[in-house]
C-alpha cells in the first residue's frame, strides 16, 4: 500500500520518533557492555573494546538500513517492521488516516498469523 501525502507526512514524523527510541535503546545496550567492563576490569581490554566496537558498528548498520534513504514506497512496510520490532505501538498510529490505520493493522495481523 502507498500512503497518501498526508499519511506520508505522519510517517516521516513517526520515523523520527522511532529513530530516537532506537537510539536510546542502543545507548542502553552500549552502556551494558561498558558496565560489565567496569565491574570486571580485566588486564587485557581488547576483547571488551571489540565488544563495544562491534555493538556500535552493528547498531549503526541496523539504523542505516532502516532509516537512511527511505522512499515513500517503503513507508508502509517500515511502519509494519517498527510495530513488529515493538519500537512503536498501535497508539503511535493515531495521526494516520482511518484507511491507512486499517491497512497497517490488517497487514500486521496477517504477518502474525503466518508466523505461527
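Computed from the coordinates by the stated procedures, all read-outs in this text should not be read as laboratory data. Predicted model, so just to flag it, every value in this text is computed and none were measured. Backbone-built Cβ (ideal geometry, glycine too); neighbour counts: all protein chains shown.
With only alpha-carbon atoms counted, please give the Rg and Dmax of the chain, in Å.
Here Rg and the maximum Cα pair distance are 18.0, 59 Å.
Arrange 17, 33, 79, 10 by Cβ neighbour counts within 10 Å, fewest through most, would you?
Taking fewest neighbouring Cβ atoms as first place, the list is 17, 33, 10, 79.
Please give, to one decimal in nm, the separation of the simple spin-label points placed at residue 34 and residue 105, each 7 Å out from Cα toward the Cβ.
With each label point 7 Å from Cα toward Cβ, the separation is 4.1 nm.
Per-residue ellipticity at 222 nm for the chain, helices alone: DSSP H runs ≥ 4 residues times -39500 (n - 2.57), over residue total, nearest 500 deg cm²/dmol?
-26000 deg cm²/dmol
Quick check on the exposure proxy: order 28, 67 from fewest to most C-beta atoms within 10 angstrom.
28, 67
May I ask you to compute the full-extension gain from residue 68 to residue 85, defined as 0.36 nm times their residue separation minus their alpha-carbon distance, rounded to one decimal in nm?
Gain on stretching residue 68 to residue 85: 4.3 nm.
Relative to the longest principal axis of the chain, what angle (0 to 90°, nearest 10) does the C-alpha long axis of helix 46-67 take?
10
Calculate how steeply helix 75-84 sits against the longest principal axis of the alpha-carbon atoms of the chain, using the helix alpha-carbon long axis, and give the answer as 0 to 90 degrees to the nearest 10.
Around 60 degrees separate the two axes.
Compute the long axis of helix 5-40 from its Cα atoms, compare it with the longest principal axis of the Cα atoms of the chain, and write down the angle in degrees, 0 to 90, nearest 10.
20
Could I have the simple spin-label model distance between residue 61 and residue 4, label points 7 Å from Cα toward Cβ, reported in nm to one decimal?
According to this spin-label approximation, the distance is 4.0 nm.
For the chain, modelled as a GNM with alpha-carbon contacts under 10 angstrom, which of 86, 51, 38 fluctuates the most?
Judging by the Gaussian network model, the answer is 38.
Can you list the equivalent-ellipsoid semi-axes of the range 1-40, largest first and in whole Å, using the square root of 5 times each Cα gyration tensor eigenvalue?
37, 7, 4
Plugging the Kirkwood radius over Cα pairs into Stokes-Einstein for the range 71-116, at a temperature of 25 °C and a viscosity of 0.890 mPa s, what D comes out in µm²/s?
The estimated diffusion coefficient comes to 225 µm²/s.
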